[in-house]
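*Asks:* This structure is in structure tokens; I'll ask about it shortly.
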Amino acid sequence: MSGKSKKLTRRKFIDLGIQGYAGLQLASLAPGTLLSLSGCTLGEAKTFHGVCYHDCPDSCSWKVTVKHGVITAFAADKNNPFTAGKLCGKMETFPQDIAFHPDRIVTPLKRVGEKGQGKFEEISWMQAIREVAEKLTASVEEYGSESVLPFGYMGTQSLIQKSAMSKRFFTKLGASNLSETICGAPAVTGNLLANGQTTGVLPEDIVNSRYIILWGTNTKKSNIHLWPFILKAREQGAKLVVIDPFKSVTAMEADLHIQPMPDTDVALALGMMHIIINEGLTDNDYIERYTLGFEALKAHVQNYDPASVAAICGLEESQIIDLAHEYAKAKPSLIRYLIGMEHSHNGGDAFRAIGMLPSLTGAWREHGGGLMHFTYELFGKALNWERLDMHSTLAEKETRFINMVQLGRVLNNRRLRPAIKTLFVFNANPVVSIPNQNLIRKGLEREDLFTVVVEHFITDTAKYADYIFPATTQLEHWDIADSWGQVYINLNQPAIEPIGEAKPNSEFFRLLAKEMGFTDPCFEESDLDLVKSVVDSDHPYLEGITFDYLMEHGWAKLKIPEPFMPHAQGGFGTESGKCEFYATSLKNNGHALPKYRAVRYRNSRDYPLQLMTVKATKNFHNSSHANVRHLIETEGAPTLEIHSKDALSRNISNGDLIRVENRNGSVIIKARLKNRIRPGVVLMPSGFWPSHIKGSSTANALTNDRLTDLGGGAAIQNCRVQVIKYEPEASVSETTDTHVKYT
Ligand code: SF4
């Protein structure tokens, strides 16, 4: 885009966005009317490689075709066998939905109203960066560098715009670190304690399995590119079992659905062990050679007899016994576990106990047998990570960690030394996605808190910012992506010039570093330099995978030796090299063996129902896309699912307006009587933007910032509420926003 056309008013931008939208369908705009494109001669169609940036296990490859300054095609890359020519529904129209969304921020903004009001005026980049640097310098001088908290997470999981330059900046500054624990941390911690690594069976190898347990994962909806491999396994005779307290679309497809009460999975796994061990269904040779602590585990699981476990989980004894028998006898047997249990008080130990099951039965010996969890460690070995964050070069001192789960608590903690005085938010929308929404808002309202947000939209979090900087989308910048759910590396090329005055996150931190006087050469590196340096590695997984190769093909499968059977002969990542049933290092704090610990709730009589929150993954991705009109219309208004028994006792009918409440807050929402959850449990989707809802509160207004047993995760599912019928003064479908409406 020429310098002349860079200054866009919101109205002009919306006009351009509409043309861009039309261009996607018609491809008939005159050259130069919309966007000038990098590397694209007007008139010549050019195709660019890209990758989905979402926090999703599938990390799909895409292609963008541009002609006459207009995107003429945007689609999944048909050549990548894992993406297999299919993006999920919410991403098929990503360019017009997000890049050309009429509400996109196109210039830096400075707050002129009260915090939270969302009133801003335009300001130039140069002036805004100068003012932010001045304020930051003064604040660091007065309160110390650890008074600065970066809050960036998985708004993009592509490596350059996620954290490369931002990590360099905050390391150089000496800011507090963010413990990124809202997702994955309890699961990783639990699995690492048992197995020392999370890499197990590779996704494509699930076709070899003959007994598949999907434990805490709604695969058909949220890991859609794994699903065809599961279907193939079923065609070849595999039995599919789903363990989930919620009767998801995946559970409906299964041969068997086991529906325990939320947060009891660890008890179920220990109950299965009780049966497998006591009935001699173990692989004693595997246990002897490749595990540690079997005798301690055997003694421990005597506490988890079928009757006790059935009472904890709300299941029949026979369900637990049959499941244990089937699982132990089937070969190859595979457990695929994912997000479900992470957000529970017992989540860490659930992942740990379940992760031990394949070593009891020797399932790892078979191709397609064992445990499937994450794949990111394979990229961790292959890629050149140190060149990304330059931590060892830049760190002058170790600084404290702040747990992201407790952002509200931290912002309101006046005894914290130093208190958080400056908050940078990028790739994140904590008002929507972090527990205890009202406490976070209270913290963001602090007049002595300086908040800077880098964003695409004025989100519920950005409304509290002192300055907002417009960020580019995945169509507008360089990046490179690993994956936590498959084994393909992807390059992301910019297909169009940045919209308006948007800049990549990396450029924001480059400019701020310069203004702060950081002269280290690493702040001069371009995004292209960074992309090239990430693949500058001689690890055998990257053999033949160079930057030039990725420029030509877009993606590449890591060169992992096949068949990949990481624990057929032990080889665990623990210190002992064995699967550790007993963690000696934790014997003094009561965590040497996985346990079920019942949660005691305060005021449990006042708040008798257990709230489960699930992601609205079909149309939204966490909080992303929840401001896109057609996706909102498809999704419909958020509802609270309540079992008919619980509804009846409260005189609630389907569609009634209700108030869901506890000590943290309340949400006004419609009731949905659909018995996909058990009596005593209610279910609410997360991801909706509060400002689009009458009452301005969503699921996280109710959730706690209580931490999980291991890994410092968020025990969001251990949340008790009451539900009462609500007589409204106005319809819940009213909205404060002109572009969206949850109806
Ligand atoms: S959200 Fe997931 S399934 Fe959808 S396009 Fe992105 S990576 Fe693929």
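The values are calculated or read from the model by the stated rules, or taken from the named source; none is laboratory data. The model shown is predicted, which means the values in this text are computed figures rather than measured ones. Cβ coordinates were reconstructed from backbone atoms using ideal geometry, including for glycine residues, and neighbour counts include every protein chain displayed. What goes into the accessible areas is simple: the full protein's heavy atoms, side chains included, and nothing from ligands, DNA or RNA. Shrake-Rupley method; radii C 1.70, N 1.55, O 1.52, S 1.80 Å.
*Asks:* Have a look at Leu173, Leu149, Leu192, Leu136 and point out the one that is at pLDDT 95 or above and within 17 Å of Glu377 (Cα to Cα).
*Replies:* When all the criteria are applied, what remains is Leu192.
*Asks:* Residues to consider are Ile499, Ile480, Ile489; find the one that is under 27 Å from the mean Cα position of the chain (by Cα), in a loop (DSSP other than H, G, I, E, B), among the aliphatic types (A, V, I, L, M) and modelled with pLDDT of 95 or more.
*Replies:* Ile499
*Asks:* Same structure again: Filter segment 569-598 for residues that are farther than 15 Å from Asn191 by Cβ and of a type in the set (Val, Ile, Thr) and give the result.
*Replies:* Thr584
*Asks:* With the condition being farther than 18 Å from Val452 by Cβ, I'd like the helices (runs of 4 or more DSSP H) fully within segment 102-204 carrying at least 2 qualifying residues.
*Replies:* It comes to 185-195.
*Asks:* Moving to a separate point now. Assuming Ser308 fulfils every condition listed in (1) open to solvent by 50 Å² or more (accessible area, probe 1.4 Å); (2) in contact with a Gly (Cβ under 8 Å, 6 or more places away or on another chain) apart from one, which condition is it?
*Replies:* (1)
*Asks:* Kindly establish whether Ala164 is of a type in the set (A, V, I, L, M, F, W, C), more than 16 Å from the ligand (Cβ to nearest atom) and touching a Leu at 6+ places or on another chain (Cβ under 6 Å).
*Replies:* Yes; evaluated as a whole, the condition is true for this residue.
*Asks:* For residues in segment 563-598 being at pLDDT 95 or above and of a type in the set (A, V, I, L, M), which is nearest to Asp349 (Cα to Cα)?
*Replies:* Filtering segment 563-598 for residues that are at pLDDT 95 or above and of a type in the set (A, V, I, L, M), the one nearest to Asp349 (Cα to Cα) comes out as Leu593.
*Asks:* Hey, among Val660, Val628, which residue is aliphatic (A, V, I, L, M) and more than 16 Å from the ligand (Cβ to nearest atom)?
*Replies:* Val660
*Asks:* Of the residues Gly369, Gly347, only one is assigned by TED's automatic domain parsing to the domain that holds Lys220, under 25 Å from Lys595 (Cβ atoms) and not basic (Lys, Arg); which?
*Replies:* Gly347
*Asks:* Please list, ordered by first then second residue, the pairs with beta carbon atoms under 7 Å, 6 or more apart or interchain, first in segment 80-95 and over 15 Å from Thr617 (Cβ atoms), second among the small types (Gly, Ala, Ser) and within 8 Å of the ligand (Cβ to nearest atom).
*Replies:* Every condition considered, the pairs that remain are Thr83/Ala76; Gly85/Ala76; Lys86/Ala76.
*Asks:* Among Lys78, Lys119, Lys110, Lys67, which is surrounded by fewer than 16 Cβ atoms within 10 Å (Cβ to Cβ), of a type in the set (Lys, Arg) and away from the ligand (no atom under 16 Å from the Cβ)?
*Replies:* Lys119
*Asks:* Any residue at all in segment 73-96 that's assigned to a helix (DSSP H, G or I), modelled with pLDDT of 65 or more and more than 30 Å from Phe229 (Cα to Cα)?
*Replies:* yes
*Asks:* Cβ-Cβ below 7 Å, separation at least six or inter-chain, first residue in segment 223-237 and closer than 13 Å to Asp255 by Cα, second within 14 Å of the ligand (Cβ to nearest atom) and open to solvent by less than 40 Å² (accessible area, probe 1.4 Å): which pairs?
*Replies:* So the pair list comes out as Ile230/Thr219.
*Asks:* Got at least one residue in segment 581-602 being within 30 Å of Asp283 (Cα to Cα), open to solvent by 30 Å² or more (accessible area, probe 1.4 Å) and in contact with a strand residue (DSSP E or B) (Cβ under 8 Å, 6 or more places away or on another chain)?
*Replies:* The answer is yes, given that some residue of segment 581-602 is within 30 Å of Asp283 (Cα to Cα), open to solvent by 30 Å² or more (accessible area, probe 1.4 Å) and in contact with a strand residue (DSSP E or B) (Cβ under 8 Å, 6 or more places away or on another chain).
*Asks:* If you take the residues in segment 637-647 that are closer than 18 Å to Cys719 by Cβ and part of a loop (DSSP other than H, G, I, E, B), which one is modelled with the highest pLDDT?
*Replies:* In this case the residue turns out to be His643.
*Asks:* Quick check on my filter: what residues within segment 214-247 are away from the ligand (no atom under 16 Å from the Cβ), small (Gly, Ala, Ser) and under 19 Å from the mean Cα position of the chain (by Cα)?
*Replies:* Gly216
*Asks:* Tell me which residues, restricted to segment 81-98, are on the phi > 0 side of the Ramachandran plot and within 11 Å of the ligand (Cβ to nearest atom).
*Replies:* Once the filter is applied, which keeps residues that are on the phi > 0 side of the Ramachandran plot and within 11 Å of the ligand (Cβ to nearest atom), segment 81-98 yields only Ala84.
*Asks:* A further question on this structure: Read through the list (1) over 30 Å from Gly271 (Cα atoms); (2) over 20 Å from the mean Cα position of the chain (by Cα); (3) open to solvent by less than 10 Å² (accessible area, probe 1.4 Å), then give the number of the only condition that Pro561 fails.
*Replies:* That leaves (3) as the condition not met.
*Asks:* Okay, next question. Somewhere in segment 612-629, is a residue within 21 Å of Ile668 (Cβ to Cβ), among the small types (Gly, Ala, Ser) and modelled with pLDDT under 90?
*Replies:* Yes - at least one qualifying residue is present in segment 612-629.
*Asks:* Considering only segment 648-687, give the strands (runs of 3 or more DSSP E) lying wholly within it that have at least 2 residues that are open to solvent by 40 Å² or more (accessible area, probe 1.4 Å).
*Replies:* Per the criteria, 657-661, 666-673.
*Asks:* Does His345 meet the test of being farther than 28 Å from Pro57 by Cα and open to solvent by 10 Å² or more (accessible area, probe 1.4 Å)?
*Replies:* Against the criterion (farther than 28 Å from Pro57 by Cα and open to solvent by 10 Å² or more (accessible area, probe 1.4 Å)), His345 does not qualify.
*Asks:* Moving on to the next point. Output the residues belonging to segment 688-726 that are part of a strand (DSSP E or B) and under 18 Å from the mean Cα position of the chain (by Cα).
*Replies:* Leu707, Ala714
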